[in-house]
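Peer 1: Here it is, the structure, as structure tokens.
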Amino acid sequence: MRLKGMNILITAAAQGIGRASALAAAAEGAVVHATDIDTESLASLYAENSNIKTYRLDVTKQTQIDALAANLPKLDGLFNCAGVVHNGTVLDITDADWAFAFDLNVTAMMRMCRTFLPGMLDRAAETGTASVLNMASMASSIKGFVNRTSYGATKAAVIGLSKSIAADFVKQGIRCNAICPGTVDTPSLRGRIAASADPVQAEKDFIARQPMGRLASVSDITPMVIYLLSPESRFVSGQAMLVDGGVTI
Ligand code: NAD
């Protein structure tokens, strides 16, 4: 019950790391406001834990963010998890893909923070601390990887956004950190493997870049999510926390 009574909003909660985080946070006693555009997968979360409330939210739409914020209690925790991966070098990037990657991976995150932070500041004044957690990545933001140019640029921006929020609000009890996973076995990773020319080799290549010899499972990542959302991390802010299976050793 490390998050008992806390109101926590999670984006991209229908599948992958976001979904596992919603379930883990609810198991720790949080009231979880789980959001995604995939309402069908989202709906099954409530059946798994009735502490999870579900809402359709496209994080690229400020009007939808505002409408949701108007109907939610003030948050103790915000986990911005939504993001997209584009494949390719700088020579492959189209202006449209670049703009979409920044819109979803960075601008939407800024808008979520801007919208929910005032309520979180009130909660921090009452309880001593509130936590913003932004999903970055190890890939091409901390360590260079092939074919991840726009992705790496957006995830590096997420780290900058997180450090800036941390610096601006540290004296008011707000902590803001980024999480940087290695390669995690999620539906979108499976999609990237399936879409490659040689899926068997693609999976081997993903595993080969992990020194521990395996992909992460979502349950390798959720302990860091819970720690950073919980008051246990009350002395931690402005960090890019690597959970990468030793890639950056
Ligand atoms: P995923 O990519 O499998 O699922 C993403 C979810 O985001 C889906 O449920 C989708 O419906 C939702 N989504 C897409 N567009 C949205 C929008 N506009 N508004 C709201 N929701 C939207 O999940 P994942 O692989 O766990 O990735 C989650 C996050 O973790 C991403 O930011 C990703 O960059 C990051 N990440 C993933 C890995 C990995 O290897 N899987 C590694 C490091 C970081």
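The values are calculated or read from the model by the stated rules, or taken from the named source; none is laboratory data. Given the structure is predicted, the values throughout are model-derived calculations rather than measurements. Heads up, the Cβs are rebuilt from the backbone with ideal geometry, glycines too, and the neighbour counts pull from every protein chain shown.
Peer 1: Would you say THR11 is modelled with pLDDT of 95 or more, closer than 22 Å to THR129 by Cα and within 11 Å of the ligand (Cβ to nearest atom)?
Peer 2: The answer is yes for THR11.
Peer 1: Here's another thing I want to ask about it. I need a count of the residues in the stretch 38-67 that are within 14 Å of the ligand (Cβ to nearest atom) and touching a residue at least 40 places away in the same chain (Cβ under 8 Å).
Peer 2: Adding up the residues that qualify gives 6.
Peer 1: Please go through the stretch 132-172 and give me each residue that is over 19 Å from THR89 (Cβ atoms) and touching an Asp or Glu at 6+ places or on another chain (Cβ under 7 Å), ordered by number.
Peer 2: Across the stretch 132-172, there are no qualifying residues.
Peer 1: Output the residues belonging to the stretch 70-101 that are within 15 Å of the ligand (Cβ to nearest atom) and over 25 Å from ARG190 (Cβ atoms).
Peer 2: LEU78, ALA99 - these are the residues of the stretch 70-101 that are within 15 Å of the ligand (Cβ to nearest atom) and over 25 Å from ARG190 (Cβ atoms).
Peer 1: Residue under question is THR154, and the condition is that it be surrounded by fewer than 21 Cβ atoms within 10 Å (Cβ to Cβ) and of a type in the set (Val, Ile, Thr); does it hold?
Peer 2: So THR154 fails the test.
Peer 1: Still on this structure, I have one more. Just to verify a result, which residue in the stretch 210-244, among those that are within 11 Å of the ligand (Cβ to nearest atom) and part of a loop (DSSP other than H, G, I, E, B), is farthest from ILE17 (Cα to Cα)?
Peer 2: GLN210
Peer 1: Among the residues in the stretch 63-74, are any surrounded by fewer than 20 Cβ atoms within 10 Å (Cβ to Cβ), within 18 Å of the chain's Cα centre (by Cα) and within 24 Å of LEU161 (Cα to Cα)?
Peer 2: no
Peer 1: Out of all the residues in the stretch 115-134, which are in a helix (DSSP H, G or I) and either within 13 Å of LEU75 (Cβ to Cβ) or at pLDDT below 95 (or both)?
Peer 2: THR115, PHE116, LEU117, PRO118, GLY119, MET120, LEU121, ASP122, ARG123, ALA124, GLU126, THR127
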